[in-house]
1. In Å², what does the accessible area per residue of the chain work out to with a 1.4 Å probe?
2. Given +1 on the Cβ of Lys and Arg, -1 on the Cβ of Asp and Glu, and no further charges, what dipole in debye does the stretch 4-259 carry about its Cα centre, rounded to the nearest 20?
3. If I ignore ligands, DNA and RNA and count only protein heavy atoms, how much of H256 is accessible to a 1.4 Å probe, in Å² to the nearest 10?
4. Along the positive direction of the dipole of the stretch 1-114 (beta-carbon charges: Lys, Arg +1; Asp, Glu -1; about the Cα centre), which of F66, G83, T26 reaches farthest?
5. Whole-Hz ³J(HN,Hα) for each residue in the stretch 6-21, computed from phi via Karplus 6.51 cos²θ - 1.76 cosθ + 1.60 with θ = phi - 60°, x for glycine and proline: what do you get?
6. For the full complex of protein chains and a 1.4 angstrom probe, list D141, D223 by accessible area with the highest value first.
7. List the GluC sites (Glu not before Pro) within the stretch 86-160 that fall in a DSSP loop (any state other than H, G, I, E or B) and whose Cβ has at most 14 other Cβ atoms within 10 Å.
8. Which of the pairs K76/K148; K31/K72; K129/K248; K14/K248; K9/K183; K192/K248 have their Cα atoms more than 29 Å apart in this structure?
Amino acid sequence: MNAHAYSIKKLNFKYDTNRMILNDLTLDFKKGQITGIIGPNGSGKTTLIKNLSRILQPDSGELYLFGKDLAKYKQKDLALTTGVVFQERDSEFQFTVFDIVMMGRYPYKKKFEVENAEDYAIVTDALEKTNTYQYRNRYLDELSGGEKQRVLIARALAQEPKVLILDEPISHLDLHYQVEILKMIQELAKLKDMSIIVILHDLNFAYKFCDQLILLNEGAVFDQGTPEEVITKENINTVYKVQIEIIKDLKNNGYHIIPAY
Ligand code: ADP
């Protein structure tokens, strides 16, 4: 059994300009673990996950998904393996929430095959898990940013992927849902052996919820390892140009990361 969900070697990528955006990235994303990607704005986080989900093609390098060359996956097999929730959302406004979440089941369907009771059960479960069931008959553009975000996570859950890739999934959520969604992600990794790749801005959440972290800086891997190894005063100061304090939380056996003004 392959221990890695994704494994990439010397990945290089640039948009049509000559500026290299991803520089020689060599990374492993472990199966059944939560790997957080952190780094300042513009460091290449979204570009990296677009390469992982094959929305963008690398200029050079090797990309493997469960040991198989990513380029060799049929589109349908890729959709069955990897679910992606991006920040941008555009074309789906004319659909109801229920229909959008049902779209997560399409990779499982043959041409003209209609949804069955199992699909309905899975979609209902995804709506309930994200607390969006009450919006099921509404249109996406009638919802708030945070509600939309939860609906798109529900669609990815209905897809039942082996790897779930999330681009800042909690950016529009209030504190309650930030914690709820992160706990749910943790449960998926633990109970369903799902591999999670998640871009997070909040270093405290990254520290608490991720098994592994990748710190990107200017398109290169600055550091990778456990949260304890990666979130150090020195790393954060060098990459984010800000001083932090890491304070031990004796009560919860964790840490608080706070900027030191
Ligand atoms: P992050 O997600 O870490 O904020 P991005 O991956 O979005 O970073 O962007 C990395 C770099 O690539 C930035 O300098 C950004 O301006 C550039 N970039 C992003 N998208 C495009 C694009 N479509 N065309 C050209 N450059 C882009």
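1. Ligands and nucleic acids excluded, the result is 51 Å² per residue.
2. The dipole of the stretch 4-259 has a size of about 520 debye.
3. Accessible area of H256: about 90 Å².
4. F66
5. So the J values, rounded to whole Hz, are 10, 9, 10, 10, 6, 6, 10, 8, 9, 6, 5, 6, 8, 6, 6, 9.
6. Per-residue accessible area, sorted high to low, gives D141, D223.
7. For GluC sites (Glu not before Pro) across the stretch 86-160 that sit outside H, G, I, E and B with at most 14 neighbouring Cβ atoms in 10 Å, the list reads E88, E113, E115.
8. Pairs exceeding the cut-off: K129/K248; K14/K248; K9/K183; K192/K248.
The values are calculated or read from the model by the stated rules, or taken from the named source; none is laboratory data. All values reported here derive from a predicted model rather than from experimental measurement. Heads up, the Cβs are rebuilt from the backbone with ideal geometry, glycines too, and the neighbour counts pull from every protein chain shown. In case anyone asks, the SASA skips ligands and DNA or RNA and just uses the protein heavy atoms, side chains included. Shrake-Rupley method; radii C 1.70, N 1.55, O 1.52, S 1.80 Å.
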